[in-house]
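Have a look at the structure below, then the notes.
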Amino acid sequence: MARVAVITAPNIGYRNTGMLTVDLAFQSLRRRLGNEIDATWYTLHPPETVPLRACARGTGFPFRFHALTEHLDSLRDHDAVVFWGDFLHTRHYLAQDATNRLLDFGIAEDPDAARALLHRALLLADQPDELLARTLSYGGTILHNTQSDYEDKEYGPLFSRLMRRSHRVWVRDPLSAAKVAHLRGDRTTDCFGSDAALLSRPGDLDHLPTTGWSEEVREGGAIGVFLGARTPIPGWLPGFCQSLSDRFGAPLEWLPWFDRDIPSQVGHIQTRPGAHTIGDLVRVLSRYRLVITDTYHLCVNAWGSGTPVVCVGAPEPRPTTDDDYLTLSDVKKHVFHMAYDAADFYLSTLSDTREAHARRAGRIVRLVEGGGADAIAARIHEHADRSATAFTETLASLLRTGR
């Protein structure tokens, strides 16, 4: 059985449902390959670093994470290394989120030590070219990388080496794909993969336990709402949500994608009683008429389930301070929708007239009821299926031939 090291972004306490669906998707592919892969899972700090989220406790997840920084030498013992999803290779992630967490958890003593450790762990700074030649990256993004990042004397050469010498790289958005093509000097190989979460097909996640919480949602009988986690809620948005509820004849229902209180700005919105599981959060998506959210991976998973999404995002320039986490930028949501001709469903928080909002609501209803939203979902699925095939065939060939 081939040994594969799978390196993912840290998801402490399994607090982020979307990141969990990314990791579960690799397991979905592994099962499709006949479980012929012995996967060892690594991340910077395992979920159990903090207490697990209540709805994740007791779930028999098909992986157990090891602390990557403690097992760097073991990577060479694997037949392939797979970087799976997220911002793992971007300079802003290494300088911001990742460095801060290593300091928070006492893994590194100071920012310089953290950065050096991250270069070894995520850019494979100490690993030989031979290991990079059997390394794949799938579903990441370098959306916010710029020339100034590449001119960093430490990051620039290491990142370029990883991109150029890796066996193959797929990124989750077309802008990052164009950048990777430049870096690799290859204009013919397709670098545009889907978001990794989309590689789970219907039924793949049915092994996650569920309760009556998700089953009680009548098919198409409600609009799932999760707002305020990523983007400030403008004053006009609750009224817009209610107008969609009225037009569809479906009540607004809070969808607890993360564990957080319902923002007071949202106004009155019904909640579903009882405890839920991670499986419930995934299973319920296909039962909603519509989802309204500001959260990237909820958008991705809802579209993947075939449910249209009204995605709320604020226009923003590139932040200029180290306090602004680019991993939380709204740009990724906008680019995702533009990549699949779904911009009709992307709702800017900029103020507009009541008439303009009414026209936008009407357009959304027509697209949902007239089949336009189905065309978008089909486009997303087709790309994901094609990309999954390319990845699994490449991984199988690499494991079979060693190159």
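The values are calculated or read from the model by the stated rules, or taken from the named source; none is laboratory data. Note that this is a predicted model, so its numbers are computed, not measured. Neighbour counts run over all protein chains shown; Cβ positions are idealised from the backbone, glycine included. Protein only, heavy atoms only, side chains kept; ligands, DNA and RNA dropped before computing areas. Shrake-Rupley method; radii C 1.70, N 1.55, O 1.52, S 1.80 Å.
A few points about this structure:
- The trypsin sites (Lys or Arg not before Pro) of the stretch 16-77 that DSSP puts in a loop, and whose beta carbon has at most 11 other beta carbons within 10 Å, are Arg64.
- With every protein chain in place, the stretch 222-370: carbon and sulfur % of accessible area (1.4 Å): 50 percent
- Using θ = phi - 60° and Karplus 6.51 cos²θ - 1.76 cosθ + 1.60, couplings along the stretch 346-357 (whole Hz; Gly, Pro as x): 9, 10, 6, 7, 4, 5, 8, 6, 4, 5, 5, 5
- Quotient of C-alpha Rg and 2.2 N^0.38 Å, computed over the stretch 118-157: 1.30
- For the stretch 189-262, the set of trypsin sites (Lys or Arg not before Pro) satisfying both a DSSP loop assignment and a count of at most 12 other C-beta atoms within 10 Å is given as Arg218, Arg260.
- Helix 155-165 axis versus longest C-alpha principal axis of the chain: approximately 80°, rounded to the nearest ten.
- Tilt relative to the chain, helix 372-401 - C-alpha long axis, 0 to 90 degrees, to 10: 20 degrees
- Thr189-Thr389 pseudo-label distance in nm [points 7 Å out on the Cα-to-Cβ vector]: 2.0 nm
- Size-normalised alpha-carbon gyration radius of the stretch 48-205, reference 2.2 N^0.38 Å: 1.09
- The calculated P(r) of the chain, using every Cα pair and 20 Å bins from 0, goes 27, 59, 14, 0 in percent.
- Partner aspartates and glutamates for Lys332 [C-alpha distance under 13 Å; skip if fewer than 8 residues away on the same chain]: Asp86, Asp173, Asp195, Asp294, Glu316
- Given charges at Cβ of Lys, Arg, Asp, Glu: the stretch 222-370 dipole, positive-most of Pro263, Gly279, Pro232: Gly279
- For the stretch 118-135, putting each phi into the Karplus relation 6.51 cos²θ - 1.76 cosθ + 1.60 with θ = phi - 60° gives couplings of 5, 5, 6, 7, 9, 10, 6, 4, 9, 8, x, 4, 4, 6, 4, 5, 10, 10 Hz, in residue order, rounded to whole numbers and with x for Gly and Pro.
- For the chain, the longest piece that avoids every one of the GluC sites (Glu not before Pro) found in DSSP loops with at most 16 other C-beta atoms within 10 Å covers 220-403.
- Close amide H contacts of Ala2 (hydrogens built in the peptide plane, cut-off under 5 Å, sequence separation of 5 or more or a different chain): Asp38.
- Calculated SAXS-style log₁₀ I(q)/I(0) at q = 0.15 Å⁻¹ - the stretch 71-130, Debye, Cα scatterers: -0.47
- Local electrostatic count at Thr49 - Lys and Arg +1, Asp and Glu -1, tallied over other residues with Cβ under 12 Å: 0
- Accessible area ranking (1.4 Å probe, heavy atoms, ligands and nucleic acids excluded), largest first, for Asp261, Asp280, Asp246: Asp261, Asp246, Asp280.
- Gain on full extension, evaluated as 0.36 nm per residue between His182 and Glu355 minus their Cα-Cα distance, stands at 57.9 nm.
- Virtual spin-label span in nm between Arg161 and Ala343, 7 Å along Cα→Cβ: 4.0 nm
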